[in-house]
Amino acid sequence: MYKEPEFYNRYLKGIKEVYSKSKSWEDVITSDYFNSDEDTSMEAFINFVEETYQTKIKDAKELEKLTGITAILFKEQNIEKGKEPTLEYILTRAKYSKYFRGLEKALQEGVKYKDLLQIKPQDYGLPKTWSGCLGSDQYSSILWALSFEFLIGAPASLMLLPDLRSMAQELEAPYSVLMDVYNLTNKDRKETLRDKIKTVGQKLRDKFPEFIKSKGKDWRREWLLEDEGDLYEGAKEDIMEDYVISLSQVAIKDITDKEAKCGIEIETDIREYFNKELEEIKKIINSKAK
């Protein structure tokens, strides 16, 4: 059964707390809970504004009227001049977040491809095409939703590629659709998502010796077979690669609420010791494909 993503609830709770203290929307947008790079943060913000004023915001002009916020205020967030998010941009990302999670919910409930086509962006206030988000229309958004649900976008060097033909049969979708998913997430670019994720994985490897020391002897004996010299180096290499793989899995969990396949101990270690790398991966996946 689908449940509201934890990270959305964290954003919403934080935004409510900030606003309740000062009744200032400016304080909200300069808080840690307002992140224009995160669709779910924008959705939580717009949802709370609508809840506060008991209305549905149709456009940027109405958002400005209700909150008093203008694009100029965003310059206070250390955003590069000329790249400040506009109110229209915020609304688009909020609407896209709702739409995309509608697709994810449907997939988790086991719908077929034909059912996904009935989930219209226009029902969420989006036009036929838009910009600034991972998907730019209905079809590309469906492709990205399939990619996340079936982990098709995961680097081939880290995870085995799912059987596309079997997935097409399960979804009752044309095989060409699954090929489009694969091509979308694996197409050659100046620097592909896969290349960027590999780069972050190498950062984790570079920090791994320091991480091992922090875990103590008991952990090294259990996980790395430190007392068995002939097995130690191989075990260390295997465990390190487990952490590299899990880094992407935990990032996907945070973005899609899809459960990570790694154990809770590895997930906890990643959040504690490799949180910077985790945030990099999430930003890469969330960024608009170029």
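Below is a table of values for the structure above.
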read-out: Those residues of the range 84-119 which are in contact (Cβ under 8 Å) with a residue 40 or more places away in the chain, under 22 Å from Glu26 (Cβ atoms) and of a type in the set (S, T, N, Q), in sequence order; value: Thr92
read-out: Residue among Gln169, Gln118 that alone is assigned to a helix (DSSP H, G or I), surrounded by fewer than 16 Cβ atoms within 10 Å (Cβ to Cβ) and either at pLDDT below 90 or not assigned by TED's automatic domain parsing to the domain that holds Ile255 (or both); value: Gln169
read-out: Number of the exception - Gly135 against (1) assigned to a helix (DSSP H, G or I); (2) of a type in the set (Gly, Ala, Ser); (3) free of Cβ contacts under 8 Å to residues at least 40 places away in the same chain; value: (1)
read-out: Count of residues meeting criterion [surrounded by 12 or more Cβ atoms within 10 Å (Cβ to Cβ), assigned to a helix (DSSP H, G or I) and out of contact with any Leu (no Cβ under 9 Å at 6 or more places or on another chain)] in the range 222-236; value: 1
read-out: Scan of the range 18-46 for residues that are touching a residue at least 12 places away in the same chain (Cβ under 8 Å), over 19 Å from the mean Cα position of the chain (by Cα) and not in a loop (DSSP other than H, G, I, E, B), ordered by number; value: Val18, Tyr19, Trp25, Glu26, Val28, Ile29
read-out: Which listed residue is in a helix (DSSP H, G or I), out of contact with any Ser or Thr (no Cβ under 8 Å at 6 or more places or on another chain), over 30 Å from Ser131 (Cα atoms) and not assigned by TED's automatic domain parsing to the domain that holds Ala145, from Ile252, Ile212, Ile270, Ile266; value: Ile212
read-out: Residue check for Ile239: at pLDDT 90 or above, assigned to a helix (DSSP H, G or I) and not assigned by TED's automatic domain parsing to the domain that holds Arg101; value: yes
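The values are calculated or read from the model by the stated rules, or taken from the named source; none is laboratory data. Keep in mind the model is a prediction, meaning the values are calculated, not measured. All Cβ positions, glycine included, derive from the backbone under ideal geometry; neighbour counts span all protein chains shown.
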